[in-house]
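**Student:** Mind looking over this structure? Questions follow.
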Amino acid sequence: MITLTRCLFCLFLLISITQCNQPPEEFVPNYDESKVPLYRLPDPLTFENGKSVASSSDWYGKRRTEMLELFEKEVYGRIPEFDFSQVYILNESDSSALDGIAIRKQITIKIIINDQNLDINVLIFQPKSEIPVPVFLGYNFDGNQTVQADTNIFITTSWVENDSELGINDHHANEKTRGIASSRWPVKMIIEHGFALATVYYGDIDPDYDDGFKNGIHGLIHPDGATPGVDEWGSIAAWAWGLSRVMDYLESDPAINAQKVTVIGHSRLGKTALWAGAIDERFAVVISNNSGCGGAAISRRQFGETVERINSSFPHWFCDNFNHYNKKEKKLPVDQHMLIALLAPRPVYVASATEDLWADPRGEFLAALAADTVYQFLGLPGLPVKTMPDADHPVIEGYIGYHIRTGKHDITAWDWEQYLKFVDFHLN
Ligand code: GTR
(Lines give C-alpha, C1' and ligand atoms only; values in the text may rest on other atoms or scores of the structure.)
Protein backbone atom coordinates (compact mmCIF):
# COMPACT_ATOMS: atom_id res chain seq x y z
CA MET A 1 0.00 0.00 0.00
CA ILE A 2 2.81 2.35 1.05
CA THR A 3 4.67 1.54 -2.18
CA LEU A 4 1.55 2.24 -4.23
CA THR A 5 1.04 5.60 -2.48
CA ARG A 6 4.70 6.44 -3.03
CA CYS A 7 4.44 5.55 -6.73
CA LEU A 8 1.35 7.67 -7.15
CA PHE A 9 3.08 10.54 -5.38
CA CYS A 10 6.13 10.23 -7.67
CA LEU A 11 3.86 10.16 -10.71
CA PHE A 12 2.11 13.28 -9.46
CA LEU A 13 5.47 15.00 -8.93
CA LEU A 14 6.63 14.02 -12.39
CA ILE A 15 3.47 15.38 -14.01
CA SER A 16 3.75 18.62 -12.03
CA ILE A 17 7.41 19.10 -12.97
CA THR A 18 6.68 18.39 -16.64
CA GLN A 19 3.85 20.90 -16.55
CA CYS A 20 6.08 23.53 -14.92
CA ASN A 21 8.60 23.09 -17.68
CA GLN A 22 6.02 23.70 -20.39
CA PRO A 23 6.61 26.98 -22.19
CA PRO A 24 3.83 29.49 -21.41
CA GLU A 25 0.85 29.00 -23.66
CA GLU A 26 1.26 31.13 -26.77
CA PHE A 27 -1.37 33.82 -27.02
CA VAL A 28 -3.23 33.69 -30.31
CA PRO A 29 -5.50 36.69 -30.66
CA ASN A 30 -8.93 36.10 -32.10
CA TYR A 31 -9.58 38.16 -35.22
CA ASP A 32 -12.58 36.15 -36.37
CA GLU A 33 -15.91 37.87 -35.72
CA SER A 34 -17.73 34.53 -35.76
CA LYS A 35 -15.64 33.37 -32.79
CA VAL A 36 -16.58 36.28 -30.56
CA PRO A 37 -18.35 34.66 -27.61
CA LEU A 38 -21.98 35.39 -26.89
CA TYR A 39 -22.16 38.00 -24.18
CA ARG A 40 -24.55 40.33 -22.45
CA LEU A 41 -23.39 43.80 -21.48
CA PRO A 42 -24.15 45.10 -18.00
CA ASP A 43 -26.80 47.80 -18.26
CA PRO A 44 -25.55 51.24 -17.22
CA LEU A 45 -29.14 52.19 -16.44
CA THR A 46 -29.70 49.38 -13.91
CA PHE A 47 -28.33 49.66 -10.39
CA GLU A 48 -26.32 46.77 -8.94
CA ASN A 49 -29.39 45.89 -6.83
CA GLY A 50 -31.41 45.36 -10.01
CA LYS A 51 -33.48 48.54 -9.77
CA SER A 52 -33.78 50.78 -12.79
CA VAL A 53 -32.32 54.24 -13.01
CA ALA A 54 -35.49 56.32 -13.11
CA SER A 55 -34.35 59.92 -13.44
CA SER A 56 -31.35 62.02 -14.35
CA SER A 57 -30.80 62.71 -10.65
CA ASP A 58 -30.69 58.93 -10.09
CA TRP A 59 -28.03 58.81 -12.78
CA TYR A 60 -25.86 61.73 -11.70
CA GLY A 61 -26.39 61.30 -7.97
CA LYS A 62 -26.23 57.53 -7.60
CA ARG A 63 -25.67 55.20 -10.55
CA ARG A 64 -22.79 57.19 -12.00
CA THR A 65 -21.05 57.08 -8.61
CA GLU A 66 -21.73 53.36 -8.29
CA MET A 67 -20.19 52.69 -11.72
CA LEU A 68 -17.23 54.95 -11.07
CA GLU A 69 -16.49 53.05 -7.87
CA LEU A 70 -16.71 49.72 -9.68
CA PHE A 71 -14.17 50.89 -12.26
CA GLU A 72 -11.95 52.14 -9.45
CA LYS A 73 -12.15 48.94 -7.46
CA GLU A 74 -11.98 46.38 -10.26
CA VAL A 75 -10.16 47.99 -13.19
CA TYR A 76 -7.97 51.08 -12.79
CA GLY A 77 -7.56 51.30 -9.02
CA ARG A 78 -8.53 54.00 -6.57
CA ILE A 79 -6.20 56.97 -6.19
CA PRO A 80 -5.23 57.06 -2.51
CA GLU A 81 -5.72 60.28 -0.61
CA PHE A 82 -2.53 62.17 0.09
CA ASP A 83 -1.45 65.73 0.74
CA PHE A 84 0.63 67.59 -1.77
CA SER A 85 1.29 71.13 -2.83
CA GLN A 86 2.26 72.37 -6.25
CA VAL A 87 4.05 75.36 -7.70
CA TYR A 88 4.23 76.45 -11.32
CA ILE A 89 7.51 77.63 -12.79
CA LEU A 90 7.60 79.29 -16.19
CA ASN A 91 10.95 78.21 -17.58
CA GLU A 92 10.71 79.66 -21.02
CA SER A 93 8.38 81.56 -23.31
CA ASP A 94 8.76 82.78 -26.87
CA SER A 95 6.24 84.67 -28.97
CA SER A 96 7.86 83.85 -32.29
CA ALA A 97 7.24 80.10 -32.27
CA LEU A 98 6.06 78.13 -35.33
CA ASP A 99 7.23 80.81 -37.77
CA GLY A 100 5.71 83.54 -35.66
CA ILE A 101 2.11 82.26 -35.47
CA ALA A 102 2.27 80.97 -31.91
CA ILE A 103 3.58 81.50 -28.41
CA ARG A 104 5.57 78.62 -26.94
CA LYS A 105 5.69 78.19 -23.17
CA GLN A 106 7.48 75.60 -21.06
CA ILE A 107 6.26 75.24 -17.52
CA THR A 108 7.27 72.93 -14.71
CA ILE A 109 4.55 71.85 -12.31
CA LYS A 110 6.50 71.00 -9.18
CA ILE A 111 4.52 68.60 -7.03
CA ILE A 112 5.79 68.57 -3.46
CA ILE A 113 5.03 65.56 -1.26
CA ASN A 114 6.77 65.02 2.07
CA ASP A 115 9.73 67.19 1.01
CA GLN A 116 10.12 65.26 -2.21
CA ASN A 117 9.42 66.60 -5.69
CA LEU A 118 7.88 65.33 -8.87
CA ASP A 119 8.34 67.57 -11.91
CA ILE A 120 5.68 67.57 -14.59
CA ASN A 121 7.03 69.47 -17.60
CA VAL A 122 4.36 71.05 -19.76
CA LEU A 123 4.94 72.31 -23.29
CA ILE A 124 2.32 74.73 -24.59
CA PHE A 125 1.86 76.22 -28.02
CA GLN A 126 -0.89 78.82 -28.04
CA PRO A 127 -2.30 81.12 -30.71
CA LYS A 128 -1.76 84.85 -30.26
CA SER A 129 -5.12 85.88 -28.94
CA GLU A 130 -6.68 88.69 -26.92
CA ILE A 131 -9.05 86.28 -25.26
CA PRO A 132 -8.41 82.96 -23.45
CA VAL A 133 -8.22 80.08 -25.90
CA PRO A 134 -9.57 76.50 -25.77
CA VAL A 135 -6.89 73.85 -25.45
CA PHE A 136 -6.15 70.24 -26.32
CA LEU A 137 -4.27 68.47 -23.55
CA GLY A 138 -2.56 65.20 -24.40
CA TYR A 139 0.34 63.14 -23.21
CA ASN A 140 3.17 62.32 -25.59
CA PHE A 141 5.00 58.97 -25.62
CA ASP A 142 8.67 59.93 -25.76
CA GLY A 143 9.28 63.44 -24.46
CA ASN A 144 8.11 66.96 -25.33
CA GLN A 145 11.01 67.39 -27.74
CA THR A 146 9.54 64.69 -30.00
CA VAL A 147 6.41 66.75 -30.74
CA GLN A 148 8.16 69.38 -32.90
CA ALA A 149 11.63 69.71 -34.39
CA ASP A 150 12.13 72.93 -32.44
CA THR A 151 15.55 73.19 -30.82
CA ASN A 152 14.15 75.35 -28.02
CA ILE A 153 12.07 72.54 -26.58
CA PHE A 154 13.74 71.01 -23.55
CA ILE A 155 14.72 67.38 -24.00
CA THR A 156 13.11 65.25 -21.32
CA THR A 157 15.41 64.10 -18.54
CA SER A 158 12.89 61.50 -17.35
CA TRP A 159 13.42 57.78 -17.93
CA VAL A 160 12.70 56.76 -21.55
CA GLU A 161 12.62 53.41 -23.30
CA ASN A 162 15.96 52.42 -24.88
CA ASP A 163 16.03 52.54 -28.67
CA SER A 164 19.13 51.39 -30.52
CA GLU A 165 18.13 53.13 -33.78
CA LEU A 166 18.00 56.43 -31.94
CA GLY A 167 21.16 55.63 -29.98
CA ILE A 168 19.35 55.54 -26.65
CA ASN A 169 20.93 52.87 -24.47
CA ASP A 170 20.91 54.41 -20.99
CA HIS A 171 17.26 55.48 -20.79
CA HIS A 172 18.11 59.11 -21.56
CA ALA A 173 16.58 60.87 -24.55
CA ASN A 174 18.89 62.65 -26.97
CA GLU A 175 18.95 65.26 -29.77
CA LYS A 176 18.05 62.65 -32.37
CA THR A 177 14.57 62.40 -30.90
CA ARG A 178 13.59 65.97 -31.75
CA GLY A 179 10.44 66.03 -33.85
CA ILE A 180 10.22 62.24 -34.29
CA ALA A 181 6.52 62.28 -33.33
CA SER A 182 5.62 65.45 -35.23
CA SER A 183 3.27 63.59 -37.61
CA ARG A 184 1.13 62.87 -34.54
CA TRP A 185 1.03 66.52 -33.49
CA PRO A 186 -0.06 68.84 -36.33
CA VAL A 187 0.57 71.85 -34.13
CA LYS A 188 0.21 74.51 -36.84
CA MET A 189 -3.20 73.16 -37.84
CA ILE A 190 -4.31 73.18 -34.19
CA ILE A 191 -3.12 76.77 -33.74
CA GLU A 192 -4.74 77.89 -37.00
CA HIS A 193 -8.06 76.56 -35.70
CA GLY A 194 -7.72 78.82 -32.66
CA PHE A 195 -6.75 76.12 -30.16
CA ALA A 196 -3.74 75.82 -27.92
CA LEU A 197 -1.92 72.52 -27.43
CA ALA A 198 -0.57 71.46 -24.05
CA THR A 199 1.50 68.30 -23.91
CA VAL A 200 3.48 66.41 -21.28
CA TYR A 201 5.67 63.31 -21.41
CA TYR A 202 3.69 60.65 -19.55
CA GLY A 203 6.92 59.21 -18.11
CA ASP A 204 7.25 62.37 -15.97
CA ILE A 205 4.44 61.01 -13.81
CA ASP A 206 5.20 57.30 -13.86
CA PRO A 207 7.85 55.63 -16.03
CA ASP A 208 6.10 52.97 -18.09
CA TYR A 209 7.68 49.74 -16.90
CA ASP A 210 6.88 47.28 -14.18
CA ASP A 211 9.22 48.28 -11.38
CA GLY A 212 7.04 47.27 -8.43
CA PHE A 213 5.78 50.88 -8.15
CA LYS A 214 9.06 52.21 -6.81
CA ASN A 215 9.44 55.19 -9.11
CA GLY A 216 7.28 58.10 -10.29
CA ILE A 217 4.33 59.29 -8.25
CA HIS A 218 3.76 55.79 -6.81
CA GLY A 219 7.23 55.80 -5.27
CA LEU A 220 6.49 59.06 -3.46
CA ILE A 221 3.16 57.85 -2.11
CA HIS A 222 4.08 54.29 -1.23
CA PRO A 223 7.61 54.66 0.20
CA ASP A 224 9.74 51.94 1.77
CA GLY A 225 8.85 49.30 -0.79
CA ALA A 226 5.11 49.33 0.00
CA THR A 227 2.97 48.70 -3.05
CA PRO A 228 -0.55 49.86 -3.88
CA GLY A 229 -3.37 47.69 -2.49
CA VAL A 230 -5.26 45.35 -4.82
CA ASP A 231 -7.85 48.05 -5.48
CA GLU A 232 -5.40 50.95 -5.67
CA TRP A 233 -4.00 52.79 -8.64
CA GLY A 234 -1.92 51.29 -11.39
CA SER A 235 -0.08 53.42 -13.92
CA ILE A 236 -3.14 54.39 -16.00
CA ALA A 237 -4.76 55.92 -12.92
CA ALA A 238 -1.47 57.62 -12.02
CA TRP A 239 -1.21 59.12 -15.50
CA ALA A 240 -4.85 60.26 -15.23
CA TRP A 241 -3.99 61.90 -11.90
CA GLY A 242 -1.15 63.74 -13.68
CA LEU A 243 -3.57 65.09 -16.29
CA SER A 244 -5.64 66.57 -13.46
CA ARG A 245 -2.53 68.34 -12.17
CA VAL A 246 -2.01 69.85 -15.61
CA MET A 247 -5.67 70.87 -15.53
CA ASP A 248 -4.99 72.64 -12.20
CA TYR A 249 -2.22 74.56 -13.92
CA LEU A 250 -4.39 75.40 -16.96
CA GLU A 251 -7.01 76.85 -14.62
CA SER A 252 -4.37 79.26 -13.36
CA ASP A 253 -3.17 80.37 -16.81
CA PRO A 254 -5.01 83.50 -18.00
CA ALA A 255 -4.24 82.72 -21.65
CA ILE A 256 -6.25 79.47 -21.45
CA ASN A 257 -10.01 78.99 -21.34
CA ALA A 258 -10.14 76.26 -18.70
CA GLN A 259 -13.84 75.64 -19.39
CA LYS A 260 -12.78 74.34 -22.79
CA VAL A 261 -10.10 71.75 -22.15
CA THR A 262 -10.24 68.67 -24.38
CA VAL A 263 -8.27 65.72 -23.08
CA ILE A 264 -6.94 63.51 -25.87
CA GLY A 265 -4.81 60.38 -26.02
CA HIS A 266 -3.65 57.67 -28.38
CA SER A 267 -3.52 53.97 -27.47
CA ARG A 268 -2.51 53.47 -23.79
CA LEU A 269 -2.76 57.22 -23.50
CA GLY A 270 -6.27 57.00 -24.98
CA LYS A 271 -7.20 54.62 -22.17
CA THR A 272 -5.72 57.23 -19.83
CA ALA A 273 -7.68 60.11 -21.43
CA LEU A 274 -10.95 58.18 -20.97
CA TRP A 275 -10.24 57.43 -17.32
CA ALA A 276 -9.03 61.01 -16.69
CA GLY A 277 -12.29 62.32 -18.16
CA ALA A 278 -14.31 59.94 -15.98
CA ILE A 279 -12.67 60.93 -12.69
CA ASP A 280 -12.22 64.63 -13.41
CA GLU A 281 -15.32 66.34 -14.75
CA ARG A 282 -13.39 69.54 -15.46
CA PHE A 283 -12.40 68.02 -18.80
CA ALA A 284 -14.99 69.39 -21.22
CA VAL A 285 -14.41 66.91 -24.05
CA VAL A 286 -12.65 63.53 -24.19
CA ILE A 287 -11.00 61.97 -27.24
CA SER A 288 -9.93 58.34 -27.36
CA ASN A 289 -7.76 57.45 -30.34
CA ASN A 290 -7.28 53.70 -30.93
CA SER A 291 -7.47 53.02 -27.18
CA GLY A 292 -8.51 49.34 -27.48
CA CYS A 293 -8.52 46.91 -24.56
CA GLY A 294 -8.98 48.67 -21.21
CA GLY A 295 -9.93 51.77 -23.22
CA ALA A 296 -12.96 52.02 -25.49
CA ALA A 297 -13.18 48.37 -26.64
CA ILE A 298 -15.70 45.94 -25.11
CA SER A 299 -13.69 43.47 -23.00
CA ARG A 300 -16.31 40.71 -23.26
CA ARG A 301 -15.67 40.37 -27.00
CA GLN A 302 -12.15 39.04 -26.39
CA PHE A 303 -11.23 40.22 -29.87
CA GLY A 304 -7.55 41.13 -30.39
CA GLU A 305 -5.96 42.06 -27.07
CA THR A 306 -7.75 40.49 -24.10
CA VAL A 307 -7.90 41.27 -20.38
CA GLU A 308 -5.58 38.37 -19.60
CA ARG A 309 -3.10 39.41 -22.24
CA ILE A 310 -2.99 43.07 -21.23
CA ASN A 311 -2.61 42.12 -17.55
CA SER A 312 0.31 39.87 -18.34
CA SER A 313 2.07 42.23 -20.77
CA PHE A 314 1.52 45.32 -18.64
CA PRO A 315 1.00 44.18 -15.02
CA HIS A 316 1.45 47.76 -13.78
CA TRP A 317 -1.27 49.45 -15.85
CA PHE A 318 -4.38 48.33 -13.93
CA CYS A 319 -5.08 47.47 -10.30
CA ASP A 320 -4.40 43.89 -9.17
CA ASN A 321 -8.13 43.16 -8.88
CA PHE A 322 -8.37 43.36 -12.68
CA ASN A 323 -6.50 40.03 -12.82
CA HIS A 324 -9.65 38.33 -11.47
CA TYR A 325 -11.19 38.84 -14.89
CA ASN A 326 -8.47 37.12 -16.92
CA LYS A 327 -10.47 34.80 -19.20
CA LYS A 328 -13.49 35.71 -17.03
CA GLU A 329 -14.63 38.90 -18.70
CA LYS A 330 -18.26 37.91 -18.21
CA LYS A 331 -17.79 38.32 -14.45
CA LEU A 332 -16.80 41.97 -14.80
CA PRO A 333 -19.48 44.15 -13.20
CA VAL A 334 -18.69 46.77 -15.83
CA ASP A 335 -17.59 46.88 -19.45
CA GLN A 336 -16.01 49.68 -21.40
CA HIS A 337 -19.27 51.16 -22.78
CA MET A 338 -19.87 52.19 -19.15
CA LEU A 339 -16.58 54.07 -19.11
CA ILE A 340 -17.78 56.09 -22.10
CA ALA A 341 -21.15 56.61 -20.40
CA LEU A 342 -19.37 58.06 -17.36
CA LEU A 343 -18.40 60.99 -19.56
CA ALA A 344 -22.01 62.07 -20.13
CA PRO A 345 -23.18 64.78 -20.59
CA ARG A 346 -19.86 65.83 -22.09
CA PRO A 347 -18.97 65.20 -25.72
CA VAL A 348 -16.70 62.19 -26.29
CA TYR A 349 -15.08 60.94 -29.51
CA VAL A 350 -13.97 57.36 -30.10
CA ALA A 351 -11.72 56.61 -33.08
CA SER A 352 -10.50 53.34 -34.57
CA ALA A 353 -8.32 52.34 -37.51
CA THR A 354 -9.04 49.60 -40.05
CA GLU A 355 -5.74 47.77 -39.60
CA ASP A 356 -5.71 48.12 -35.83
CA LEU A 357 -7.44 44.81 -35.13
CA TRP A 358 -5.47 44.38 -31.90
CA ALA A 359 -7.56 47.29 -30.50
CA ASP A 360 -10.82 45.77 -31.81
CA PRO A 361 -12.37 48.57 -33.91
CA ARG A 362 -15.82 46.96 -33.87
CA GLY A 363 -15.63 46.58 -30.09
CA GLU A 364 -14.78 50.28 -29.83
CA PHE A 365 -17.75 51.19 -32.02
CA LEU A 366 -20.10 48.90 -30.09
CA ALA A 367 -19.02 50.47 -26.80
CA ALA A 368 -19.79 53.94 -28.18
CA LEU A 369 -23.17 52.64 -29.38
CA ALA A 370 -24.01 51.05 -26.02
CA ALA A 371 -23.04 54.27 -24.20
CA ASP A 372 -25.58 56.06 -26.38
CA THR A 373 -28.46 54.76 -24.20
CA VAL A 374 -27.20 56.90 -21.31
CA TYR A 375 -26.88 60.03 -23.45
CA GLN A 376 -30.39 59.42 -24.85
CA PHE A 377 -31.71 58.87 -21.32
CA LEU A 378 -30.28 62.24 -20.34
CA GLY A 379 -32.00 63.84 -23.34
CA LEU A 380 -28.84 64.28 -25.38
CA PRO A 381 -28.18 63.19 -28.94
CA GLY A 382 -25.56 60.50 -28.35
CA LEU A 383 -24.23 58.57 -31.31
CA PRO A 384 -26.15 59.56 -34.47
CA VAL A 385 -25.71 56.15 -36.20
CA LYS A 386 -26.76 52.62 -35.27
CA THR A 387 -24.40 50.70 -37.55
CA MET A 388 -20.68 51.03 -37.95
CA PRO A 389 -19.89 53.74 -40.51
CA ASP A 390 -17.66 53.00 -43.51
CA ALA A 391 -13.99 53.78 -43.19
CA ASP A 392 -13.16 57.48 -43.38
CA HIS A 393 -16.77 58.58 -42.83
CA PRO A 394 -16.66 60.40 -39.50
CA VAL A 395 -19.79 60.87 -37.44
CA ILE A 396 -19.41 64.11 -35.56
CA GLU A 397 -22.87 65.62 -35.12
CA GLY A 398 -23.79 63.90 -31.86
CA TYR A 399 -22.40 64.00 -28.34
CA ILE A 400 -20.61 60.76 -29.15
CA GLY A 401 -18.38 61.07 -32.19
CA TYR A 402 -16.89 58.09 -33.99
CA HIS A 403 -14.74 57.27 -36.98
CA ILE A 404 -12.74 54.41 -38.34
CA ARG A 405 -9.83 55.62 -40.42
CA THR A 406 -8.17 53.59 -43.15
CA GLY A 407 -4.75 52.55 -41.95
CA LYS A 408 -2.82 51.40 -38.96
CA HIS A 409 -2.61 52.00 -35.22
CA ASP A 410 -1.61 55.66 -35.14
CA ILE A 411 -2.90 59.19 -34.74
CA THR A 412 -2.67 61.21 -37.91
CA ALA A 413 -3.38 64.73 -39.17
CA TRP A 414 -6.63 63.37 -40.65
CA ASP A 415 -7.72 62.14 -37.20
CA TRP A 416 -6.94 65.59 -35.79
CA GLU A 417 -8.99 67.28 -38.53
CA GLN A 418 -12.04 65.36 -37.30
CA TYR A 419 -11.30 66.16 -33.65
CA LEU A 420 -10.96 69.86 -34.44
CA LYS A 421 -14.33 69.81 -36.24
CA PHE A 422 -15.97 67.89 -33.38
CA VAL A 423 -14.64 70.13 -30.63
CA ASP A 424 -15.39 73.28 -32.65
CA PHE A 425 -18.95 72.04 -33.14
CA HIS A 426 -19.48 71.38 -29.44
CA LEU A 427 -17.49 74.05 -27.66
CA ASN A 428 -17.56 77.09 -29.95
C1 GTR B 1 0.21 47.76 -27.00
C2 GTR B 1 -0.86 47.40 -26.02
C3 GTR B 1 -2.10 48.19 -26.31
C4 GTR B 1 -1.82 49.65 -26.55
C5 GTR B 1 -0.49 49.91 -27.23
C6 GTR B 1 0.08 51.32 -27.11
O7 GTR B 1 1.35 47.01 -26.86
O8 GTR B 1 -1.09 46.04 -26.12
O9 GTR B 1 -3.04 48.00 -25.29
O10 GTR B 1 -1.90 50.36 -25.39
O11 GTR B 1 0.50 49.11 -26.76
O12 GTR B 1 -0.16 52.02 -26.17
O13 GTR B 1 0.84 51.68 -28.00
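**Student:** Could you list, in sequence order, all residues of the range 412-427 that are of a type in the set (A, V, I, L, M) and open to solvent by 10 Å² or more (accessible area, probe 1.4 Å)?
**Tutor:** A413, L427, listed by residue number.
**Student:** Considering only the range 335-350, I want to know if a residue exists there that is over 26 Å from D210 (Cβ atoms), within 16 Å of the ligand (Cβ to nearest atom) and either in contact (Cβ under 8 Å) with a residue 40 or more places away in the chain or surrounded by fewer than 24 Cβ atoms within 10 Å (Cβ to Cβ) (or both).
**Tutor:** There is at least one residue in the range 335-350 that is over 26 Å from D210 (Cβ atoms), within 16 Å of the ligand (Cβ to nearest atom) and either in contact (Cβ under 8 Å) with a residue 40 or more places away in the chain or surrounded by fewer than 24 Cβ atoms within 10 Å (Cβ to Cβ) (or both).
**Student:** I'm trying to understand the selection: among the residues of the range 162-186, which are touching a residue at least 24 places away in the same chain (Cβ under 8 Å) and surrounded by 17 or more Cβ atoms within 10 Å (Cβ to Cβ)?
**Tutor:** A173, T177, R178, I180, A181, R184, W185, P186
**Student:** Residue under question is I310, and the condition is that it be touching a helix residue (DSSP H, G or I) at 6+ places or on another chain (Cβ under 6 Å), within 16 Å of the ligand (Cβ to nearest atom), modelled with pLDDT of 95 or more and closer than 27 Å to G216 by Cα; does it hold?
**Tutor:** Considered against the rule, which asks whether it is touching a helix residue (DSSP H, G or I) at 6+ places or on another chain (Cβ under 6 Å), within 16 Å of the ligand (Cβ to nearest atom), modelled with pLDDT of 95 or more and closer than 27 Å to G216 by Cα, I310 comes out as no.
For every residue, the table says whether it meets (1) in a loop (DSSP other than H, G, I, E, B); (2) closer than 30 Å to P207 by Cα; (3) not hydroxyl-bearing (S, T, Y).
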| position | (1), (2), (3) |
| --- | --- |
| N323 | no, yes, yes |
| V334 | yes, yes, yes |
| Y349 | no, yes, no |
| R362 | no, no, yes |
| L366 | no, no, yes |
| A371 | no, no, yes |
| V374 | no, no, yes |
| L380 | yes, no, yes |
| E397 | yes, no, yes |
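**Student:** Return the total of residues in the range 48-65 being buried (at least 16 other Cβ atoms within 10 Å of the Cβ) and either aliphatic (A, V, I, L, M) or under 30 Å from Q302 (Cβ atoms) (or both).
**Tutor:** 4
**Student:** Then there's this: If you scan the range 212-221, which residues turn out to be touching a residue at least 12 places away in the same chain (Cβ under 8 Å) and farther than 21 Å from N140 by Cβ?
**Tutor:** Across the range 212-221, the qualifying residues are G212, F213, L220, I221.
**Student:** For the list (1) of a type in the set (S, T, N, Q); (2) outside any loop (DSSP other than H, G, I, E, B); (3) open to solvent by 30 Å² or more (accessible area, probe 1.4 Å), I need the number of the one condition that T199 fails.
**Tutor:** (3)
**Student:** Hey, does the range 238-251 have a residue that's within 16 Å of the ligand (Cβ to nearest atom) and either closer than 20 Å to R362 by Cβ or assigned to a loop (DSSP other than H, G, I, E, B) (or both)?
**Tutor:** Within the range 238-251, not a single residue is within 16 Å of the ligand (Cβ to nearest atom) and either closer than 20 Å to R362 by Cβ or assigned to a loop (DSSP other than H, G, I, E, B) (or both).
**Student:** Further question: Which condition breaks for A226 when tested against (1) among the aliphatic types (A, V, I, L, M); (2) away from the ligand (no atom under 15 Å from the Cβ); (3) part of a helix (DSSP H, G or I)?
**Tutor:** Unmet for A226, out of (1) among the aliphatic types (A, V, I, L, M); (2) away from the ligand (no atom under 15 Å from the Cβ); (3) part of a helix (DSSP H, G or I): (3).
**Student:** Scan the range 230-245 residue by residue and report those that are surrounded by fewer than 24 Cβ atoms within 10 Å (Cβ to Cβ) and hydrophobic (A, V, I, L, M, F, W, C).
**Tutor:** V230, W241
**Student:** Quick check on the range 313-334: of everything there that is among the aromatic types (F, W, Y) and within 12 Å of the ligand (Cβ to nearest atom), which residue is most open to solvent (accessible area, probe 1.4 Å)?
**Tutor:** Per the criteria, the residue is F314.
**Student:** Still on this model: Test V36 against the criterion of being over 21 Å from the mean Cα position of the chain (by Cα) and open to solvent by less than 40 Å² (accessible area, probe 1.4 Å), and give yes or no.
**Tutor:** yes
**Student:** Could you tell me which residue of the range 268-295 is farthest from the ligand (Cβ to nearest atom), considering only residues that are crowded, with 24+ Cβ neighbours inside 10 Å and without any contact (Cβ under 8 Å) to a residue 60 or more places away in the chain?
**Tutor:** Only one residue tops the list, namely A276.
**Student:** I've got another one for you. Do we find that V263 is farther than 23 Å from D208 by Cβ, of a type outside the set (G, A, S) and surrounded by 24 or more Cβ atoms within 10 Å (Cβ to Cβ) in this structure?
**Tutor:** The answer is no for V263.
**Student:** Of the residues that make up the range 382-404, is at least one within 16 Å of the ligand (Cβ to nearest atom) and open to solvent by 10 Å² or more (accessible area, probe 1.4 Å)?
**Tutor:** No, the range 382-404 has no match at all.
The values are calculated or read from the model by the stated rules, or taken from the named source; none is laboratory data. On a predicted model such as this, the values are computed, not experimentally measured, just so you know. Cβ atoms come from the backbone with ideal geometry, glycine included; neighbour counts cover every protein chain shown. In case anyone asks, the SASA skips ligands and DNA or RNA and just uses the protein heavy atoms, side chains included. Shrake-Rupley method; radii C 1.70, N 1.55, O 1.52, S 1.80 Å.
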